[in-house]
Amino acid sequence: MEIEKVGVIGAGQMGAGISQVCAFIGKVVTLCDIKQDFVDNGMATINRNLQRGVSKERITQRQMDATLGNINTTLDNEDLSDCDIIIEAIIEDVDIKKSLFSDLGNICNSGTILASNTSSIPIGILAEASGRPGKVVGMHFMNPVPVMKLVEVIRAKSTTDDTFNTTFKLAEDLHKVPVLVNDFPGFVSNRILLPMLNEAMFCVMEGVAEPEAVDTVMKLGMSHPMGPLTLADFIGLDTCLAIMKVLHKDMNDDKYRPCPLLEKMVSDGKFGRKSGEGFYKY
């Protein structure tokens with residue numbers, strides 16, 4: 001199966017990036033969200049990313065124009081019914097995702113692949129909700145999507161060979177490096193990364209060190225390009241908390257208990273870069 005039409009649901013940071021890279025290689029993309037403001041913001045992000053590429057001579061103006069011309073927008077999921085693949089990139093909430101996959105299972109053509117960019121939720125749960133479990137797969141991009149090479153392609157027990165192989169090839173066509181990951185909470189990337197970020201937060205909460213010191217230790221001592229608390233702010237503290245909650249619940253192990261400081265900061269509306277304040281002010 002050759003992917004020509006791509007639907008992306010969720011016009012936030014991840015959805016915009018996924019739309020951009022798909023449109024850049026000539027796929028016809030329909031970007032969908034629940035509010036026009038969200039869609040407009042997503043398109044503005046794509047436009048800024050492409051304009052930056054033009055100004056730095058990484059892409060041409062013609063490539064920018066062609067990419068933007070390949071993207072349509074909508075507020076109606078039914079407009080995605082004839083897509084070859086739909087990539088979901090909405091809020092990290094299992095009930096909201098299950099509801100969406102149930103709707104998509106009823107709306108879409110029988111051949112449509114339903115992929116999730118979830119950071120941690122087991123794909124099998126979404127596959128069951130869809131009513132077409134063989135056509136569901138995980139496609140976990142890294143942030144920022146246009147820059148980062150890795151894509152975790154998560155195969156649930158029900159995912160068919162054709163669904164997996166088609167999704168894996170799409171990732172390769174996007175000039176990414178896809179990696180097969182089996183269906184466990186957090187997959188590989190966030191099962192390793194998020195507990196580290198969470199522990200860095202415990203260090204701050206318990207007075208071991210200030211955020212700047214924690215980040216400096218990990219950058220200079222462990223050769224990390226970005227400190228864990230700076231990275232958490234970049235990911236979004238609300239997203240970090242959502243992932244830790246999934247790991248804690250599904251792994252049934254207190255080593256994944258979300259740091260109380262993280263919970264308080266999210267409760268206070270401090271989400272990191274996107275809200276203007278997290279462990280640092282922006």
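The values are calculated or read from the model by the stated rules, or taken from the named source; none is laboratory data. These numbers come from a predicted model, not from an experiment. All Cβ positions, glycine included, derive from the backbone under ideal geometry; neighbour counts span all protein chains shown.
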Restricting segment 143-183 to residues that are hydrophobic (A, V, I, L, M, F, W, C) and touching a helix residue (DSSP H, G or I) at 6+ places or on another chain (Cβ under 7 Å), the one surrounded by the most Cβ atoms within 10 Å (Cβ to Cβ) turns out to be 154
Mind checking which helices (runs of 4 or more DSSP H) fall wholly inside segment 172-282 and carry at least 3 residues that are closer than 30 Å to residue 2 by Cα? none
Exactly one of these conditions fails for residue 231: (1) of a type in the set (A, V, I, L, M); (2) touching a residue at least 12 places away in the same chain (Cβ under 8 Å); (3) farther than 14 Å from residue 273 by Cα. Give me its number. (3)
State whether the residues of segment 160-176 include one that is aromatic (Phe, Trp, Tyr) and within 19 Å of residue 67 (Cβ to Cβ). no
Return yes when residue 87 is aliphatic (A, V, I, L, M), under 21 Å from residue 34 (Cα atoms) and surrounded by fewer than 15 Cβ atoms within 10 Å (Cβ to Cβ) and no when it is not. no
Tally up the residues in segment 74-90 that are out of contact with any Gly (no Cβ under 8 Å at 6 or more places or on another chain) and within 15 Å of residue 15 (Cα to Cα), please. 3
Where in segment 28-143 are there helices (runs of 4 or more DSSP H), lying wholly inside it, with at least 3 residues that are assigned by TED's automatic domain parsing to the domain that holds residue 167 and within 19 Å of the chain's Cα centre (by Cα)? 36-55, 94-107, 123-130
Please find, within segment 1-32, the residue that is modelled with the lowest pLDDT out of those that are among the polar types (S, T, N, Q) and more than 21 Å from residue 78 (Cβ to Cβ). 13
